[in-house]
Amino acid sequence: MVLAMGWVEFSRRGRGLAPGLGLALLACSSIRHDCFETRDCPSPQGFIEAGGSDNWWDPGGAAGQPELTPVSPASGGTGSNVANVHGDGGESGAGGNADGNADASNEAPSVLGVTPADGELGVRNDTPIVITFSQPMNPVSVTTAYESSDLPATQLRFAWTRGLTVLTLTPGSRLSYRSGAAQTGGNAAFPAKAYQYGFGSGATSRAGQPLAPLSFSFSTLREVSFELAANLELSGNWTEGEGEGIHNCLRKAQLPYVPAVCVGDDANDVRYTGFVSFDLGALPAEIGAFVNVSLRANAQVYGTPENLGTSRLEHVSFAQLGDAPLYVPALAALGPFYGGSGLASGTWIALSQDLTAAVADDYARRVERGNRSQYRLGFAKVAADGHWDDLEIPTQSIRLLATYLTR
């Protein structure tokens, strides 16, 4: 009979325009602070620039998804002069600026840079795409010329800032990670998910100059599943005053006994404390984050371990099995690992415990902790009843199942 028993686990808006500044403020670039004293402002633009480090009036583009507060031109120009953040609107025609000359340029626009960088590996799934152009662009033409089968325009949010020179593309849902099992050594045996996007013909600057067709690509992180077996030398049990134990409770138990981590007490009312250790050296050196990690094992119940009081699982660090790990301070208390009651002696149960935070901490400090992740299992007391009351966990059944992100 097998009983499954889980271990207890553990768009900002601008502040508006201050009264009194009126149209003089609207006519000024947000970068030109000095013009508000002299009223010697540059010619009005169709859009106030947003998102600069000195963008003191903050129309909402500094954090989260940039938004642009449109203003009407003082004179001239064509089109709506409304920056549509969904990519289906914007200035129409060439040179749709307020005075008809401010954006005039005989040079073709170009892309100064993209984020993620072209060809970048290991991109997180919440990363927006930012494209910086050399000149103010015509939003409608750019949206129309945008091309991607991996990131269709209908699934993106288009937002313009910095005077129509910076375009941020934000997917409506997170990017994908390709997932699969690791090879021996924890290395991913499958390619990462690649994304390609770019612009075909038809994209122009606001002055009407064409942008040459171009494309970019990047790859997201890979989600890798890996299984670690327990370290047989450092996984076992230790008693108070009588060493390793007897019978199954030996790391090198002889037939008919099978090596097991024993937790509880024996017929002489000697306390047995269990220890489980994993070698993190089998994991790759470039893990970006742990998605989830769980400890899995089978255990056989003997006697009435519920009479031993509360069980406890602790995150610890030790160099070798012996007396010292019995008393080493816990790095963290992870809660009880057993809550059974009334089970017949000899019953098998399945154990599972979330260790994501503990393993991530050990991985971050793997040099000082000997590249190991280790745990101590015990009960609050012994039962003076003259027979075995314990859980015996065959060492060969103990596994660490990890899912992590890597390039």
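The values are calculated or read from the model by the stated rules, or taken from the named source; none is laboratory data. Because the structure is a prediction, the values reported are computed rather than measured. Cβ atoms come from the backbone with ideal geometry, glycine included; neighbour counts cover every protein chain shown.
If you take the residues in region 119-133 that are under 21 Å from THR161 (Cβ atoms) and of a type outside the set (A, V, I, L, M), which one is surrounded by the most Cβ atoms within 10 Å (Cβ to Cβ)?
So the residue we want is PHE133.
Go through region 295-311 and report how many residues are surrounded by 18 or more Cβ atoms within 10 Å (Cβ to Cβ) and under 31 Å from the mean Cα position of the chain (by Cα).
Of the residues in region 295-311, 2 are surrounded by 18 or more Cβ atoms within 10 Å (Cβ to Cβ) and under 31 Å from the mean Cα position of the chain (by Cα).
So, in region 93-108, of the ones that are out of contact with any Pro (no Cβ under 8 Å at 6 or more places or on another chain) and modelled with pLDDT of 50 or more, which residue ends up surrounded by the fewest Cβ atoms within 10 Å (Cβ to Cβ)?
ASN106
Could you list, in sequence order, the residues of region 371-391 that are farther than 15 Å from ARG312 by Cα and in a strand (DSSP E or B)?
ARG372, SER373, ASP389
Is region 176-194 home to any residue that is among the hydroxyl-bearing types (Ser, Thr, Tyr) and more than 25 Å from SER294 (Cα to Cα)?
no
Condition (residue is in a strand (DSSP E or B), of a type in the set (D, E, K, R), modelled with pLDDT of 95 or more and in contact with a Pro (Cβ under 8 Å, 6 or more places away or on another chain)) applied to region 204-211: is it met by at least one residue?
Start the filter on region 204-211 by keeping residues that are in a strand (DSSP E or B), which leaves 204-205, 210.
Retained after the next criterion (residues that are of a type in the set (D, E, K, R)): none.
No; the residues of region 204-211 include none that is in a strand (DSSP E or B), of a type in the set (D, E, K, R), modelled with pLDDT of 95 or more and in contact with a Pro (Cβ under 8 Å, 6 or more places away or on another chain).
If we scan region 338-345, do we find a residue that is under 19 Å from VAL270 (Cα atoms), surrounded by 18 or more Cβ atoms within 10 Å (Cβ to Cβ) and assigned by TED's automatic domain parsing to the domain that holds ARG251?
No: region 338-345 contains no residue that is under 19 Å from VAL270 (Cα atoms), surrounded by 18 or more Cβ atoms within 10 Å (Cβ to Cβ) and assigned by TED's automatic domain parsing to the domain that holds ARG251.
Do the conditions hold for GLY163, that is, is it surrounded by fewer than 20 Cβ atoms within 10 Å (Cβ to Cβ), over 22 Å from the mean Cα position of the chain (by Cα) and closer than 21 Å to GLU107 by Cβ?
Working: surrounded by fewer than 20 Cβ atoms within 10 Å (Cβ to Cβ): no; over 22 Å from the mean Cα position of the chain (by Cα): yes; closer than 21 Å to GLU107 by Cβ: yes.
In short, no.
Can you pull out the residues in region 312-370 that are in a helix (DSSP H, G or I) and small (Gly, Ala, Ser)? Quick ask: steps written out before the conclusion?
Here is the first cut: in region 312-370, the residues in a helix (DSSP H, G or I) are 324-327, 356-364.
Within region 312-370, ALA324, ALA357, ALA358, ALA360, ALA364 meet the criteria.
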